[in-house]
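What follows is a set of notes on a single structure, which appears directly below.
Throughout, read-outs are computed from the coordinates displayed, never taken from laboratory work. What you see is a predicted model, and the numbers here were worked out from it, not measured in a lab.
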Amino acid sequence: MSVTFVLVCVTVGVGTYLFRYLPTHFGGRGRSNGALAGPLGKFLSSVGLGAVAALLAAALAPYVAPFAREVVAGGLGREEVRAASAALVGVVVTVVVFRWRSGVASATLAGAAAYGLAWWLP
């Protein structure tokens with residue numbers, strides 16, 4: 001993993017946090033739950049999920065074309081299968097936890113933990 005990729009991920013994470021925090025913090029005063037109503041509130045509530053999807057797409061994009069070429073050529077090795085299996089486990093766990101808890105943070109953490117565990121196991 002390159003330093004540039006890590007910096008982009010950190011920047012996107014901080015930007016997403018500020019994008020959600022600042023409007024609700026400064027614009028939500030006087031409301032009982034601090035949440036914004038209307039179209040802006042709906043938009044801000046979907047930003048987290050969109051950011052996670054964008055990071056997933058950015059993380060998997062470099063591997064999709066080479067993996068597809070290997071599948072067509074019939075030359076999948078042990079490492080390619082291991083990487084694809086770990087990614088699939090992470091995505092499935094993320095989707096299941098999100099559907100169960102409806103929380104982006106818990107789903108992302110569970111998916112990352114599942115991916116790490118699947119990668120670590122032989």
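The 3J(HN,Hα) values that the Karplus relation (6.51, -1.76, 1.60; θ = phi - 60°) gives for segment 80-92 are, in residue order, 5, 5, 5, 5, 5, 5, 5, 5, 5, 4, x, 5, 4 Hz. Gly and Pro appear as x. Remark: segment 45-56, residue by residue, has Karplus-estimated 3J(HN,Hα) of 6, 9, 5, x, 5, x, 5, 5, 5, 5, 5, 5 Hz, where x stands for each Gly or Pro and the curve is 6.51 cos²θ - 1.76 cosθ + 1.60 at θ = phi - 60°.
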